[in-house]
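Report on the following structure.
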Amino acid sequence: MSVIDDLRRIREEAQGAIDVAQDESALETLRVRYLGKKGSLALALRGMGQVPPSERPLVGQAVNEARDQVEALLAAAKSRLARAALEAELESTPLDVTLPGRRTALGHRHPLTRTLEDIVAIFQRLGFGVLEGPLIELDFYNFEALNFPKDHPARDMQDTFFVEPESLGALRGRQDVLLRTHTSPVQVRAMLSRRPPLRLIMPGTTFRCDSDPTHSPMFHQVEGLYVDQGVSFADLKGTLDAYAKAMFGDRPTRFRPSYFPFVEPGAEMDMACGVCGGSGQLPGGEPCRTCKASGWVEVMGAGMVHPNVFRACQVDAEKFTGFAFGFGVERIAMNRYGIDDLRLLFENDVRFLEQF
Ligand code: FA5
């Protein structure tokens, strides 16, 4: 029998075996049997010795063809088996396409974040830019440049956390490093690094040694600063009234004289209490805890920038005037959502947070 006949026989036999193979391991056995080093095709090649030299190219070509054919048969059988396995699996595990899907719980932004975003958007519409400053501050920015001289009793209004800056590199060993007690130091940084006109709000985290239903050791403030030629107290009132209206709608506001070392004259703005509606009493007749039955809650401090602050910040106080204001974001959120204990905002109880 010639080598060519051997090859034909091998190919036919391989086809028959591959057609009935039941799984991948059977196919692998057949691959080794026909294409392996000691497989049928290799054996057939050994007969080449008896082939006359003139016929050897023909026979060589026939061997290659036989190998290609067996390889193609194996590949086709492999995909046939894979398809059959998939179909069998789909039939064996029934799929109920009418079952409701599993819901992913959707979170939402914290009420404080939303309040802060709304505040920033309102002031941006009024033409204010946004600036941030460091949380760990130097006494100079937090107090000194804001007209709180050393040992001045006004410093007691802001119970301060001082920092022993062991790990602060260049600040190591200094006695004048603290967690900022308000966002006003960013005013100083703004005036020292930019020239008027300045129209900025400066939101951020602040720290004081406080803890009760309306005070938390960590809280947030938004500072405002407008410095230009001819800025007046009327501009301050107009700006804050426009903000209050955009934030709270038509809730009555009032200004009271107040003292902050860095403004003159200074004021505080109050707003009708959001919990009792300004009456000072709850529906049952008991006194409102939020406004201490006064009907008003203090929402911010404000005033005209003190000439001493301008001097410390190298702004010409003869040429420029300005107003500044600062308020607590937690108070705004409490007012807005009728929350009577500020600490709830930081307990991270999802049952509380989900309500907003
Ligand atoms: C200041 O911090 C001034 N820097 C504000 C200012 C800026 C006045 C510019 C004038 C010009 P005060 O200490 O009143 O002021 O704090 C401002 C607001 O921060 C308060 O009205 C209150 O809403 C909020 N606040 C103060 N301490 C706390 C606290 N421990 N927890 C939560 N909110 C607080």
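Here, each number is a calculation from the coordinates, and none is a lab measurement. Everything quoted here is computed from the prediction, not taken from an experiment. Heads up, the Cβs are rebuilt from the backbone with ideal geometry, glycines too, and the neighbour counts pull from every protein chain shown.
One table, with the values for the structure above:
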item: Where GluC sites (Glu not before Pro) fall in DSSP loop in the range 323-356, at most 14 other Cβ within 10 Å; result: 347, 354
item: Tensor-based shape of the range 274-356 (alpha-carbon gyration tensor, a/c under 1.5 rounded, otherwise prolate or oblate); result: oblate
item: Charge tally in the Cβ shell below 15 Å around residue 150, where Lys, Arg are +1 and Asp, Glu are -1, residue 150 excluded; result: -3
item: For the range 28-41, Karplus couplings with θ = phi - 60° (6.51, -1.76, 1.60), whole Hz, Gly/Pro x; result: 5, 4, 5, 4, 5, 5, 9, 10, x, 4, 10, x, 4, 5
item: Pairwise label distance in nanometres, residue 172 with residue 350, each label 7 Å out on the Cα-Cβ vector; result: 4.5 nm
item: Segment residue 152-residue 209, extension gain: residue separation times 0.36 nm, minus the distance between their alpha carbons; result: 18.7 nm
item: Residues residue 43 and residue 87, FRET efficiency given R0 of 41 Å [Cβ-Cβ distance, rounded to 0.05]; result: 0.60
item: Charge sum, other residues only, whose C-beta stays under 10 Å from residue 196's C-beta, Lys/Arg counted +1 and Asp/Glu -1; result: +2
item: FRET efficiency, residue 311 to residue 193 (Cβ-Cβ, R0 22 Å, nearest 0.05); result: 0.85
item: Folded to 0 to 90 degrees: helix 233-248 orientation relative to the chain principal axis, Cα; result: 50 degrees
item: Dipole of the range 3-88, positive end: most advanced residue of 51, 30, 41 [Cβ charges, Cα centre]; result: 51
item: Given charges at Cβ of Lys, Arg, Asp, Glu: the range 90-242 dipole, positive-most of 213, 129, 110; result: 129
item: Long-range tail of P(r) for the range 47-103 (Cα pairs > 15 Å, %); result: 71 percent
item: Sparse-neighbour loop sites [trypsin sites (Lys or Arg not before Pro); the range 268-356; at most 11 other C-beta within 10 Å; DSSP]; result: 319
item: Net charge of neighbours whose Cβ lies under 14 Å from the Cβ of residue 40, counting Lys and Arg as +1 and Asp and Glu as -1; result: +4
item: Electrostatic dipole magnitude of the range 3-88 [Cβ: Lys, Arg +1; Asp, Glu -1; Cα centre; debye, to 20]; result: 260 debye
item: Two-decimal Rg to Rh for the chain - Kirkwood Rh, Cα set; result: 1.50
item: Considering only the chain, percent of DSSP beta bridges that pair antiparallel, nearest 5; result: 95 percent
item: Table column - 3J(HN,Hα) (Hz), the range 42-53, Karplus curve with 6.51, -1.76, 1.60, x for Gly and Pro; result: 5, 4, 4, 4, 4, x, 3, x, 7, 7, x, x
item: Nonlocal Lys pairs with alpha-carbon distance under 28 Å, the chain (8 or more apart, or different chains); result: 6
item: Label point distance in nm, residue 106-residue 26, each placed 7 Å from Cα along Cα→Cβ; result: 5.3 nm
item: Cα-centre dipole for the range 195-235 with unit charges at Cβ (Lys and Arg positive, Asp and Glu negative), debye to 20; result: 180 debye
item: Dipole in debye (nearest 20) - the chain, about Cα centre, beta carbon charges: Lys, Arg +1; Asp, Glu -1; result: 720 debye
item: FRET efficiency, 1/(1 + (r/R0)^6) with R0 51 Å, evaluated for residue 96 and residue 250 via beta carbons; result: 0.40
item: Low-density loop cleavage sites - trypsin sites (Lys or Arg not before Pro) in the range 29-133, where at most 12 other Cβ are within 10 Å (DSSP); result: 37, 38, 102, 103, 109
